[in-house]
Amino acid sequence: MTSTSDFQTFWQNVASKFASNNHVIFDTNNEYHDMDQTLVLNLNQAAINGIRAAGATSQYIFVEGNSWTGAWTWASINDNMKALTDPQNKIVYQMHQYLDSDGSGTSATCVSSTIGAERVSSATTWLKANGKKGILGEFAGGVNDQCKTAVTGMLKALAADSDVWLGAMWWAAGPWWGDYIFSMEPESGTAYTGMLATLEPYL
């Protein structure tokens, strides 16, 4: 994607179908990566402009950043995203965070038992410093004691700063994912059988 005007038109067309539905949340794009940082900012702003131009004024808009929208790199890579504006003041910064060595969510091995809280710390500071709201739109860890401790630490950290963090969403769920290492649904999924009890206190 390179045309901000086309992206704005796309989002205005989509939002026009849901303008009166206040149960809808718009998410501008999933995991921008390896793109020009100014372009990422401008694409997000174009999406916001298009959504509001469609008359969709009651819905929240989730914006995502570059480098797979990672929380652990947010402050250093996506700092310019603080310049986004919304006349309805309903921007939520969606970040993703996995706890394996490269933050990709492709390994069930977590770096350490404290890596969860560590990887959201700088993002929390950024949200507070800039008066923004955030949400973890994806997170997961393997079904093992180290990851359970790391996930718990991360969720505790988010809960302690609930003034800026609106919540967190486990990834992933649904039959399409089959035997994926973090499957929460169907009920035979690895995470459902092995991780749900760890997550339940934070539901």
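Side notes on the structure shown:
- Table column - 3J(HN,Hα) (Hz), the stretch 4-21, Karplus curve with 6.51, -1.76, 1.60, x for Gly and Pro: 5, 5, 5, 5, 4, 5, 4, 5, 5, 5, 5, 5, 4, 6, 10, 4, 9, 9
- Near Phe62, the amide H atoms lying under 5 Å from its own belong to Phe26, Asp27, Thr28, Val92; only residues 5 or more places off or on other chains count, and H is placed 1.01 Å from N.
- What the phi angles of the stretch 145-161 give under the Karplus curve with 6.51, -1.76 and 1.60, with θ = phi - 60°, is a coupling list of 4, 5, 5, 4, 5, 5, 5, 4, x, 5, 5, 4, 5, 5, 5, 5, 10 Hz, glycine and proline written as x.
- ³J(HN,Hα) computed for each position of the stretch 46-56 - Karplus, 6.51 cos²θ - 1.76 cosθ + 1.60, integer Hz, glycine/proline x: 4, 4, 4, 4, x, 4, 5, 5, 7, x, 7
- Candidates Ala140, Ala173, Ala123, ranked by Gaussian network fluctuation over the chain, Cα under 10 Å, top entry: Ala173
- Degrees between helix 115-130 axis and first principal axis of the chain (Cα, 0 to 90, nearest 10): 30 degrees
- Spatially proximal lysines relative to Lys17 (Cα-Cα < 21 Å; intrachain offsets below 8 disregarded): Lys90
- Selected from Phe18, Phe182, Phe139 as most flexible by GNM, with the chain as the system and alpha-carbon contacts under 10 Å: Phe18
- The H on the amide N of Lys133, modeled in the peptide plane, is under 5 Å from the matching H of Tyr93, each at least 5 residues off or on a different chain.
- Spatial extent of the stretch 1-101: Rg and Dmax, with the Cα atoms as the point set, Å: 13.4, 43
Just so you know, all these numbers are worked out from the coordinates, no wet-lab data involved. All of these numbers come straight from a predicted model, not from anything done at the bench.
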